[in-house]
Amino acid sequence: MPVGREWVYLGKEQGQTLGLRITVLDETETFHFGRVKVITRVVEEVEWEDTNANGVADPGELLEVSRNYFAHTDEGTVCYFGEAVDIYEDGDIVSHEGAWRADTKDNAPGILMPAAPEPGMSFQQE
């Protein structure tokens with residue numbers, strides 16, 4: 001995923017218009033597994049209630065901002081190493097529910113997409 005790549009999606013859920021912007025940031029996050037370190041790319045997801053359906057996250061409309069950590073193997077498999085999460089209500093952060101890191105106790109990285117995906121493959125995350 002090239003740095004700066006961005007996707008914006010709008011949709012309806014239970015009568016609300018929601019927006020989702022996914023951006024590949026020019027940032028990295030390092031994970032340590034004993035003497036091994038893995039440098040991941042940070043991908044930000046911003047979700048908001050788009051009350052005026054303009055595709056822009058206006059102040060007070062934020063629902064969640066997460067920073068996801070991805071890396072790929074030499075063979076091309078994309079691995080997921082966790083995420084930092086901010087949950088919003090009325091413009092204030094109220095929770096970090098769903099946050100996790102692969103380098104903390106009882107956690108491990110997962111496969112987001114294998115180098116050679118095949119129909120029917122699925123992978124459990126988080």
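The values are calculated or read from the model by the stated rules, or taken from the named source; none is laboratory data. This is a predicted model, so every value here is computed, not measured. Here Cβ is always computed from backbone atoms with ideal geometry, including for glycine, and neighbour counts include all displayed protein chains. Keep in mind that these areas ignore ligands, DNA and RNA; they rest on the heavy atoms of the full protein, side chains included. Shrake-Rupley method; radii C 1.70, N 1.55, O 1.52, S 1.80 Å.
Taking the conditions exactly as written (free of Cβ contacts under 8 Å to residues at least 40 places away in the same chain, surrounded by 18 or more Cβ atoms within 10 Å (Cβ to Cβ) and not hydroxyl-bearing (Ser, Thr, Tyr)), does Val56 satisfy them or not? Criteria not met by Val56. Residues of segment 64-76 that are crowded, with 17+ Cβ neighbours inside 10 Å and hydroxyl-bearing (Ser, Thr, Tyr): Ser66, Tyr69. Taking the conditions (1) part of a loop (DSSP other than H, G, I, E, B); (2) surrounded by 11 or more Cβ atoms within 10 Å (Cβ to Cβ) in turn, Leu20 satisfies each one other than (1).
Within segment 69-80, one or more residues are among the aliphatic types (A, V, I, L, M), at pLDDT below 95 and closer than 17 Å to Met1 by Cα. With the requirement that a residue be hydrophobic (A, V, I, L, M, F, W, C), under 20 Å from Thr77 (Cβ atoms) and open to solvent by less than 50 Å² (accessible area, probe 1.4 Å), what does segment 23-45 give you? Passing the criteria: Val24, Phe31, Val38, Val42, Val43. Just need a number here: residues in segment 1-17 that are within 22 Å of Tyr80 (Cβ to Cβ), in a loop (DSSP other than H, G, I, E, B), without any contact (Cβ under 8 Å) to a residue 40 or more places away in the chain and open to solvent by 100 Å² or more (accessible area, probe 1.4 Å). Looking only at that region, the number is 1. When segment 28-44 is filtered for residues that are in contact (Cβ under 8 Å) with a residue 40 or more places away in the chain and either within 14 Å of Thr104 (Cα to Cα) or among the charged types (D, E, K, R) (or both), the ones remaining, listed by number, are Glu29, Phe31, His32, Phe33, Val38, Arg41.
Of Glu89, Glu61, Glu49, all but one fail to be at pLDDT below 95, open to solvent by less than 30 Å² (accessible area, probe 1.4 Å) and acidic (Asp, Glu); the exception is Glu61. Could you look through segment 92-113, keep only residues that are part of a loop (DSSP other than H, G, I, E, B) and more than 21 Å from Lys37 (Cα to Cα), and pick out the one that is most open to solvent (accessible area, probe 1.4 Å)? So, considering only residues that are part of a loop (DSSP other than H, G, I, E, B) and more than 21 Å from Lys37 (Cα to Cα), the one most open to solvent (accessible area, probe 1.4 Å) is Glu97.
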